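Notes follow the structure.
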Amino acid sequence: MRRKQKKTFQEKKQRRIQWKPVYLLIVLAVLASAMIAGSLRHPERNGIAQRAVRFVVVPVQKCLNRIGIPFHSENRMPEEDLQKENAMLRDRIQELEQEQFRYEKGQKELERLRKLYQLNDNYEQYDTTAARVIGKTDGNWFSTFLIDKGARDGIEKNMNVVCPEGLVGYVSNVYDTYAKVTTILDESSSVSAEFLEAEALCMVNGSLQQIRSGTLPITNIDAEAEAKKNDTVVTSQISSKYIPGIKIGTAGEITPDDTGLSQVSTLVPAVNFRNIHEVLIIKAQKEPDVE
Amino acid sequence: MSKLKRGISVCLVILIAYYFQTIFFPRLLPLSPNLFLILVVFFGIMGTPYSGMCVGFAVGILLDCIAGAPCGAATLLYTVIGYISSLYHRNFYGTSFLRPIGLLAAMDLAYGMAVYFLCYFFRHGIHIAFYLFHIMIPEMIYTTFVGILLYKLISAVNNRTIQEIS
C-alpha cells in the first residue's frame, strides 16, 4: 500500500517536471499576446526594450549594408573615375527622362487649354530627402524594406517614397533612426491612379501573384473611358495618400471586366523593384496622418 | 555563469542570422530561406526542453522590436514553433539527421500556413494554390537545404555550450 502511494507520488513528481515547459510556454505566450494588444492600441508608442534592441542592432545593420553593396553590384568598376562618370551619366539620363516626361505633360496641358485642375509638374518641386535601403525584414510574404532615415531626419508616416523613375510606395512605420516602406507591390497596397492621356481614374493594386510576370493589375477603369495601351499611369488627385502626378508605370492591354461595368488592364511599373538601393522621400504630405 | 555564456552565444548566433536574413539573402536570392526558423527548430530539438521556446522568444522579440506590426505577433509565432520543436526533443538521439530536417521542413510549411491564414486568407482566400506553390514550398526547400548545411554548425554551438551546464 505504502509502496503504491510512493509510486504515485513519484509519478506525480515526474508529471510535474514534464509539464514545466508548458508553463513557460503559457507565460511567454501571454507576454506576447500582451505585446500584441499593447501595440494594437498604441501603434506608435515605443518601449524602452524596443529602443534598446534597435540601438544595438540597427547601426551595425547600416554599416554591414554598406559593405554588402559592392558584392552585389553587377558592374564592379574599381576605377573611381569610371564610377563618377557613370553616376554623372545616370543623373543626366534621369534628368533628360524627367524633362521629356515634363514636356510631354506640358504639351498635353496646353492641348486641353489648361483645364480646371493641373497635374503637378514633377515631384522635384517638393522637398525631398534621399535614403538608403538597409534591409528587408518581413521575409517572402510582404513587399517592404527598411530605409536608413527615420523620425529624427523628419520622416513621417505616409510620406511618399519615389525613385527618379517613379513611385515606389509609402512610409508605413517610422522609428527614431529608420523607417519601414511598404511598396506598391505589397498585397495591402492599392493606389488611386489616373491615365495621363485619357484622364480616366483607376486603381493600381499590389499583387505578389501578378508581379511575377512583371505587371500589376489595374482595376475600376470607367467603362466609357478611352484609355489606351502604353498610356502613362500617374497617381491621381483624389488619392488620400499619394501626391498627384507621380509616375507609376505604363498601361498594358485594356479589356472590359467580367461584369462589363468597368475595364481592367495591367501596369508595368516604372521602377525596377528588384534593384532599389536608394530612394527619395517626398517630405510634403497629401494628408497628415490623423489617428 | 555557463548559462550566461550559452545565452550570449545563442544571442550572437541570432544576430548574425538576422543580418544575413535581412541584408544578404534578399540581395542574392529571389526568395530567402528562413534562418530564424532553422535556429528555433534546431535549438528546440537539440537543446534543453526550454531552449526552443527561449530562442523563439528572443528571435520574435528582435523582429518585433525592429519593425513588427503588430508588435508581438512574431514573438508568439516563433515561441509556439520553439515549443512544438522541443516536444520532439525526447525522441532525438543526436545522431539521427532525418528527424530534425523533416521537422524543419514541416515547421516551415506550418509557418507559411500560419502567415497565410493570418494575413492573406481573408483577402485572397481562393488563391491558396498560388501561395502554396510560389512561396511556401519554395521557401520550404530553400530552408531545408540551408538547414542541412547549417546543421553541424548549430549542433556544435549547442553541444559546446550545453555541456558546460550539465
*asked:* Name the residue that is surrounded by the fewest Cβ atoms within 10 Å (Cβ to Cβ), counting only residues in the stretch B:28-53 that are among the polar types (S, T, N, Q) and assigned to a loop (DSSP other than H, G, I, E, B).
replied: B:Thr48
*When the residues of the stretch A:188-206 are filtered to those that are buried (at least 19 other Cβ atoms within 10 Å of the Cβ) and outside any strand (DSSP E or B), which remaining residue is modelled with the lowest pLDDT?*
A:Leu196
*the stretch A:241-253: number of residues that are part of a loop (DSSP other than H, G, I, E, B) and surrounded by 21 or more Cβ atoms within 10 Å (Cβ to Cβ)*: 2
*asked:* Checking the conditions here, which among B:Val59, B:Val41, B:Val10 is more than 7 Å from chain A (Cβ to nearest Cβ) and free of Cβ contacts under 8 Å to residues at least 60 places away in the same chain?
replied: B:Val59
*Filter the stretch B:36-52 for residues that are modelled with pLDDT of 90 or more and not aromatic (Phe, Trp, Tyr) and give the result.*
B:Leu37, B:Ile38, B:Leu39, B:Val40, B:Val41
*Could you check, for the stretch B:88-100, whether at least one of its residues is in a helix (DSSP H, G or I) and facing another protein chain (nearest Cβ under 10 Å)?*
no
*Return yes or no: is B:Met53 closer than 21 Å to B:Ala105 by Cα, at the interface with chain A (Cβ under 7 Å from one of its Cβ atoms) and touching a residue at least 24 places away in the same chain (Cβ under 8 Å)?*
yes
*Would you point out which residue out of A:Ile93, A:Ile67 is in a helix (DSSP H, G or I), modelled with pLDDT under 75, hydrophobic (A, V, I, L, M, F, W, C) and within 25 Å of the chain's Cα centre (by Cα)?*
A:Ile67
*Going by the structure shown, is B:Leu76 at pLDDT 85 or above and either touching a Lys or Arg at 6+ places or on another chain (Cβ under 8 Å) or over 23 Å from A:Asn173 (Cβ atoms) (or both)?*
no
*Inside the stretch A:212-240, can you point out the residues that are closer than 23 Å to A:Ser143 by Cβ, crowded, with 20+ Cβ neighbours inside 10 Å and not hydroxyl-bearing (Ser, Thr, Tyr)?*
A:Leu216, A:Ile218, A:Val233, A:Val234
*asked:* Among the residues of the stretch B:10-24, are any in a loop (DSSP other than H, G, I, E, B) and surrounded by fewer than 23 Cβ atoms within 10 Å (Cβ to Cβ)?
replied: no
*Only residues that are surrounded by fewer than 23 Cβ atoms within 10 Å (Cβ to Cβ) and in contact with a helix residue (DSSP H, G or I) (Cβ under 8 Å, 6 or more places away or on another chain): list them for the stretch A:163-173, please.*
A:Pro164, A:Glu165, A:Asn173
*What residue, among those in the stretch B:15-38 that are among the aliphatic types (A, V, I, L, M) and within 16 Å of A:Gly135 (Cα to Cα), is farthest from the other protein chains (Cβ to nearest Cβ)?*
B:Ala17
*Cβ-Cβ under 8 Å pairs, at least 6 apart or on other chains, the stretch A:169-188 side within 19 Å of A:Ile218 (Cα to Cα), far side of a type in the set (Lys, Arg)*: A:Tyr170/A:Lys241; A:Glu187/B:Arg123
*Go through A:Glu224, A:Glu194, A:Glu199 for me and flag whichever is among the acidic types (Asp, Glu), away from every other protein chain (no Cβ under 13 Å) and farther than 30 Å from A:Leu96 by Cα.*
A:Glu224
*asked:* If A:Glu199 satisfies all but one of (1) free of Cβ contacts under 8 Å to residues at least 40 places away in the same chain; (2) closer than 17 Å to A:Gly245 by Cα; (3) within 14 Å of the chain's Cα centre (by Cα), what's the number of the condition it fails?
replied: (3)
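The values are calculated or read from the model by the stated rules, or taken from the named source; none is laboratory data. Nothing here was measured: the structure is a model prediction, and the numbers come from that model. Because the Cβ atoms are built from the backbone with ideal geometry, glycine has one as well, and the counts that use them run over all protein chains shown.
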